[in-house]
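Here the structure is laid out as structure tokens; the discussion comes afterwards.
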Amino acid sequence: MTEMNVEKLVFRSMTLSDVPEIVNIELEAFTCPWTEEAFVNELTNNHFARYMVMDYDGIVIGYGGMWTIMDEAHVTNIAVRENYRGRGLGEKMLIELQKLAVFCGSARMTLEVRVSNLIAQRLYRKLGFEPAGVRPAYYSDNLEDALIMWAELSLADGVEQEHDIK
């Protein structure tokens, strides 16, 4: 693993031109990846959707998305390209989503995670998420349960600068 220069890491709004790369990351990260059509629909038709990409030196290496509805944000997906995992980038992406959620008026954030995904659960707990329930047979690939987690957001999670995220 080569050393990353974090100054080259940029978080920006996802665009339609990013979708093919996002789909490639989905295929690396998930057993039930979203389709290109799903992302296009999110970006063009879902006015609750907010999607960001993590760009490193001009290359999209990760992304995250959420829906902001009223004062709640629901994380839809977070993924990092395989060769960039293990560097704390998923945490950086989730922190950026939390900042954006506060900017958009959210007081709470929720997500679902596989009950077997202890690495992700550890990250979510580190960032203030607590278990709140289970969705039985939530994942269609193997009918695994999902752990529902919630975090309270505060202005301390917010940003000083404006976000240009649709």
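Rule-based calculations on the coordinates, nothing more; no lab input. What you see is a predicted model; the values in this text were computed from it and never measured. A quick note on method: Cβ atoms are made from the backbone with ideal geometry, for glycine too, and the neighbour counts reach across all protein chains shown.
So here's what we get for this one:
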read-out: Neighbourhood net charge (12 Å Cβ-Cβ; Lys/Arg +1, Asp/Glu -1) for residue 138; value: -2
read-out: Burial ordering of 13, 140, fewest other beta-carbon atoms within 10 Å first; value: 140, 13
read-out: Residue list for region 41-73, given a label point 7 angstrom along the Cα-to-Cβ vector of residue 141 and an amide N cut-off under 19 Å; value: 62-65
read-out: Loop chymotrypsin sites (Phe, Trp or Tyr not before Pro), region 9-87, which have at most 14 other Cβ atoms in a 10 Å radius of their Cβ (DSSP); value: 30, 48
read-out: Whole-number percent relative contact order across the chain, with pairs defined as alpha carbons under 8 Å at least 6 apart; value: 21
read-out: Neighbour-count order for 74, 47, fewest beta carbons within 10 angstrom listed first; value: 47, 74
read-out: Label-to-label distance, nm, for residues given as residue 3 and residue 28 (7 Å Cα→Cβ offset); value: 2.3
read-out: Identified option (computed Cα extents along the principal axes in Å; candidates (i) 40, 35, 35; (ii) 46, 32, 23; (iii) 45, 30, 29); value: (i)
read-out: The chain: most fluctuating residue of 152, 82, 26 per GNM, C-alpha cutoff 10 Å; value: 82
read-out: Residue 62 long-range amide H proximity, modeled H, under 5 Å; value: 54, 81
read-out: Residue with peak Gaussian network fluctuation, the chain [Cα springs, cutoff 10 Å], from 141, 55, 18; value: 141
read-out: Highest-MSF residue in the chain out of 78, 59, 95 [GNM, Cα springs under 10 Å]; value: 59
read-out: Built amide H within the under 5 Å cut-off of residue 138, gap 5+; value: 145, 146
